[in-house]
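Read the figures in this text as sums done on the coordinates, not as results from a lab. Quick caveat: nothing in here was measured; it's all calculated off a predicted structure. We place every Cβ from the backbone using ideal geometry, glycine too, and count neighbours over all the protein chains shown.
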Amino acid sequence: MENGKIPNSQFSIPKPGTPLMEALAMDDYIIDIENKMFTHRPDLFGMLGIAREIAGIQNQVFKSPSWYKEKIELPKLRGNGLKLSVKNQLPKLVPRFCAVVIRDVVVAPSPIWLQTYLSRVGIRPINNIVDMTNFIMYETSQPLHAYDYDKLDGGSIETRLAKDGEELQVLGGKITKLTKDDILIASGDRPIGLGGVMGGAGTEVDDETKNIVLEVANFDMNTIRRTAMTHGLFTDAATRFTKNQSPRQNLPVILRAMTDIMSLAGGRQGSEVVDDFESKVKSQKSKALEISAKFINERLGLELSAPQIKKILENVEFKVEIGNISGSAGKQGGVLRVLAPFWR
């Protein structure tokens, strides 16, 4: 995958004579990682984060894909679009909410490579739209959701707190009675999703869907944890949001999803990209930590020099500067100023 695009060869029909395992995209190695030691790390719930961590352990340089960067230029709508109205009434609980319409899609079964990939990670393939949102979640650790645009109330989406006793039929058919502490995604007066946990059955993408709204949002981890526990809905999305996902990765993820969904299902951009970003979060800069090599070595029982520590951190895409501590000498001297990356 390169520049946010999946090569067309991955969508093509296998040529006659192709080995079966290769044709079914099953000539793969599966690494089963017991994700307990670093369960607090939000970036380690996706392939990018795991690959970066393994590179660091192996003393290898890791470079994120070119599309995975915080500052990106979003595509502009060309021609006539469909109305999309997003109202975020909960900026503290939903610090970022991105959405875009993709119109004229063709919903169909996913290609074999995508179906077999999802099956290998325990996900049941559904259709090309839903499957691609799941694929990108497993790639980046950022959950996404797709709504059938034509099932919304005039293209409107809002976030609000649910009312006690308000009901939502979630995907799969279960009717959930909500509480006033739940984050609700609504369209008009109608609930369409339990924010950060699960979408509603009334707006799901099906074989008749022609236009979709793609949502890439960020939710308060404590609220999501409480909602998941209250309703017994322990979804992949809820698991990731309870690890405090970074809202600063939402834009590269939604652009990635737009590109890949249109590559897979056709269609075209149907609205401007809406980016509702809570001002205090938006103004935050990457946090810098100043720490001495001596402090690190005393706790790890190692004898690493400041340049060695700098190299280890730079391998996994931290920005590091080395300064001097007055009176320090030897390979444990020096202070490191470490800038946390946007996904941490």
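Count Lys and Arg as plus one, Asp and Glu as minus one, and take only other residues whose Cβ is under 13 Å from that of Ala51; the net charge is then -2. By the helix-only formula, in which each DSSP H run with n ≥ 4 contributes -39500 (n - 2.57) and the sum is divided by residues, the chain has a 222 nm mean residue ellipticity of -7500 deg cm²/dmol. In a reduced charge model with +1 at each Lys and Arg Cβ and -1 at each Asp and Glu Cβ, the chain shows a dipole moment near 1180 debye about its Cα centre. Ranking of Phe38, Phe318, Phe219, Phe135 by neighbouring Cβ atoms within 10 Å, starting from the fewest: Phe38, Phe318, Phe135, Phe219. Compared with the dominant Cα axis of the chain, that is its longest principal axis, helix 128-140 is turned about 10°. Among Leu168, Thr259, Asn59, which residue has its Cα positioned farthest towards the positive end of the charge dipole of the chain, with +1 placed on the Cβ of Lys and Arg, -1 on the Cβ of Asp and Glu, and the dipole taken about the Cα centre? Checked the options; the winner is Asn59.
Stretched out straight at 0.36 nm per residue, the stretch from Glu34 to Leu74 would grow longer than its current Cα-Cα span by 10.7 nm. The ranking of Arg248, Arg256, Arg96, Arg344 by Cβ neighbour count inside 10 Å, starting from the fewest, reads Arg344, Arg248, Arg96, Arg256. For the range 145-252, a simple Cβ point-charge model (Lys and Arg +1, Asp and Glu -1, everything else neutral) yields a dipole of about 560 debye relative to the Cα centre. Put in order of Cβ neighbour count within 10 Å, fewest first, the listed residues Ser271, Ser305 become Ser305, Ser271.
Taking 0.36 nm per residue of sequence separation and removing the Cα-Cα distance, the Arg344/Glu208 pair yields an extension gain of 45.1 nm. Computed from the C-beta positions of Glu22 and Ala108, the FRET efficiency with R₀ = 25 Å rounds to 0.65. Within the range 212-245, what residues put their amide N at less than 20 Å from the label point 7 Å along the Cα-to-Cβ vector of Lys177? Of the residues in the range 212-245, 226-234 have backbone N under 20 Å from the label point off Lys177.
When the Cα positions of Pro91, Val197, Val107 are compared along the charge dipole of the chain, Pro91 comes out farthest toward the positive end, with charges on each C-beta of Lys, Arg, Asp and Glu. Summing charges over all other residues whose Cβ lies under 13 Å from the Cβ of Lys210, with Lys and Arg as +1 and Asp and Glu as -1, gives -3.
Between Arg268 and Gln89, the modelled labels are 3.6 nm apart [label points 7 Å from Cα along Cα→Cβ].
Give the calculated FRET efficiency between Glu167 and Arg225 to the nearest 0.05, with a Förster radius of 25 Å applied to their Cβ-Cβ distance. So, using R0 = 25 Å, E works out to roughly 0.70.
Farthest towards the positive end of the charge dipole of the chain, among the residues Gly334, Gly270, Leu74, is the Cα of Gly334, using unit charges on the Cβ of Lys, Arg, Asp and Glu.
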